[in-house]
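Report on the following structure.
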Amino acid sequence: MKNRKQYIELQKDRFLSELFEILKLPSISADSAFNQDVLDTAELVKTYLEKAGCDNVEVCETPGYPVVYGEKIIDKNLPTILVYGHYDVQPADPIELWNSPPFEPVIKTTEIHPEGAIYARGACDDKGQMFMHIKAFEYMIQNNELPCNVKFMIEGEEEIGSPSLEWFLKEHTHKLKNDIILISDTGMISNTQPSITTGLRGLSYMEVTVTGPNRDLHSGLYGGAVANPINILTQMISKLLDADNRITIPGFYNNVEELSLAERAEMAKAPFSLDDYKKSLNIQEVHGENGYTSNERNSIRPTLDVNGIWGGYTGQGAKTVIPSKAYAKISMRLVPGQDHKEISELFSSYFKSIAPKSVSVETTSHHGGHPYVTPTDHIGYLAAKKAYQKTFNCTPIPQRSGGSIPIVALFENELNSKSILMGFGLDSDAIHSPNEHFGVFNFLKGIETIPLFYKYFTELSS
């Protein structure tokens with residue numbers, strides 16, 4: 001422990017400088033304008049894997065953006081850990097809400113991060129957390145402490161639903177063979193109370209188009225006589241949830257896994273202040289499905305949210321039109337028992353059924369993924385638990401996350417491997433939002449903790 005802490009402290013400035021180099025690249029996979037930046041980031045990740053001591057490092061082509069692969073096989077009789085991460089990031093919009101440029105990383109002190117936090121798009125999701133693994137691996141190589149084999153698989157399409165990853169897994173199943181998959185793309189409760197994510201929600205992401213007249217119309221000449229697609233769309237959206245905030249799509253809850261009262265009681269042991277939660281979001285009251293707490297609503301219950309809505313004239317000043325079309329993006333977070341393809345079909349069927357005949361409706365499924373649960377008696381979980389106990393001096397709490405990492409269920413199907421989610425971010429890190437950040441403490445604590453997972457997993461495997 002002392003040697004590891006000393007190494008990290010001595011290399012701290014270099015680690016941060018190298019991370020900043022990666023954060024400066026706007027690797028936005030959702031926008032083709034940043035195509036070269038995404039490719040440049042892949043090459044930079046390759047360089048750092050090589051410098052850390054990986055063998056056979058390559059930028060592997062896919063139908064989309066490449067996967068960076070590297071490995072260190074020290075003994076084929078030892079366990080193999082496959083590290084997954086992603087080097088692409090979310091768009092930075094709206095830029096004007098950032099307090100500093102999103103691709104010019106800076107460190108600022110905050111109340112939660114008195115040691116400083118790294119502000120940049122991708123700082124936490126997932127460049128900072130991915131880079132922890134490369135630096136932890138570097139430490140183990142430099143100090144001759146790597147106890148088992150390791151493989152790295154760092155992709156560039158996670159933020160757009162990993163459309164090429166299933167293809168890559170099928171093409172390289174033998175190369176990716178492993179005993180456990182280690183991922184840091186989640187968070188923990190606080191810097192004094194770590195947690196291990198044991199469950200992820202699935203996802204169904206839809207886009208809808210409501211079409212009325214064949215062109216935009218003068219709202220004075222046609223208003224009141226022709227359906228306004230924006231009016232109709234908002235009315236249809238309002239019918240997707242009832243007064244108890246339950247989703248109204250027929251069949252939506254048919255296969256939802258209901259946790260027992262005992263399981264919900266275990267969840268409630270996690271420290272949580274509703275007042276602090278509301279204060280951090282600057283809201284007066286929480287909102288959600290009746291009969292469940294805030295922590296249950298955002299983890300073990302399915303949800304439906306409108307992520308974007310547009311149509312008509314939105315420029316400066318006034319333009320009195322009835323738009324021809326209105327659009328919305330709608331996502332549903334799913335829980336164990338729900339199949340994202342089935343839910344997408346149920347949504348499409350119901351949404352079209354509630355449309356009046358004065359408009360036509362088109363629905364498109366963008367991407368989705370299945371929910372996932374890791375058993376707390378699995379040796380991977382037990383190894384992670386011991387690692388956190390050692391570095392935080394307290395026992396981590398198992399916690400289901402409200403987020404979705406669709407590839408985790410895909411890994412189990414294609415590689416027959418369980419995934420362990422060792423996240424070091426915090427809910428306050430503003431991932432996907434302006435002013436995303438990642439605590440310097442969290443970044444360094446991840447580098448300190450990850451080698452212990454290798455050690456304990458190897459011991460428990462034997």
_Criterion first (of a type in the set (S, T, N, Q) and closer than 22 Å to V359 by Cα) does Q193 satisfy it?_
no
_Here is a list: H366, H370. Which entry is surrounded by 19 or more Cβ atoms within 10 Å (Cβ to Cβ) and under 29 Å from E157 (Cα atoms)?_
H370
*Name the residues in region 119-138 that are charged (D, E, K, R) and within 13 Å of the chain's Cα centre (by Cα), would you?*
D125, D126, K127
*asked:* Suppose we keep only residues that are outside any helix (DSSP H, G or I) and of a type in the set (A, V, I, L, M) within region 28-46. Which one would you say is nearest to F152 (Cα to Cα)?
replied: I28
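Here is a yes/no grid of residues against (1) at pLDDT below 95; (2) not in a helix (DSSP H, G or I):
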residue	(1), (2)
I74	no, yes
E96	no, no
P101	no, yes
I118	no, yes
E138	no, no
V150	no, yes
S162	yes, yes
H174	no, yes
N178	no, yes
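In the list L49, L82, L25, which residue meets the criterion of being touching a residue at least 60 places away in the same chain (Cβ under 8 Å), under 25 Å from E155 (Cβ atoms) and assigned to a helix (DSSP H, G or I)? Show your work before the answer.
On the way: L82 fails: assigned to a helix (DSSP H, G or I); L25 fails: assigned to a helix (DSSP H, G or I).
On inspection, the qualifying residue turns out to be L49.
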*Going through region 409-422 one residue at a time, which ones are in contact with a helix residue (DSSP H, G or I) (Cβ under 7 Å, 6 or more places away or on another chain) and under 26 Å from A52 (Cβ atoms)?*
L415, S417, K418, S419, I420, M422
*Which ranges mark the helices (runs of 4 or more DSSP H) fully within region 345-462 that have 3 or more residues being modelled with pLDDT under 95?*
407-415
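For residues in region 194-251 being at positive phi and in contact (Cβ under 8 Å) with a residue 40 or more places away in the chain, which is nearest to the chain's Cα centre (by Cα)?
Filtering region 194-251 for residues at positive phi gives 224, 245, 251.
Next, only the ones that are in contact (Cβ under 8 Å) with a residue 40 or more places away in the chain stay: 245, 251.
On the way: N245: 24, G251: 27 Å.
The residue in question is N245.
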*What pairs can you find where one residue is in region 147-176 and touching a residue at least 60 places away in the same chain (Cβ under 8 Å), the other is among the β-branched types (V, I, T) and part of a helix (DSSP H, G or I), and their Cβ atoms are less than 6 Å apart, with a gap of 6+ or different chains?*
P147/T458; C148/T458; I154/V45; G156/V38; S162/I407; L165/I407
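The values are calculated or read from the model by the stated rules, or taken from the named source; none is laboratory data. What you see is a predicted model, and the numbers here were worked out from it, not measured in a lab. For neighbour counting, all protein chains shown are included, and Cβ atoms are generated from backbone atoms with ideal geometry for every residue, glycine included.
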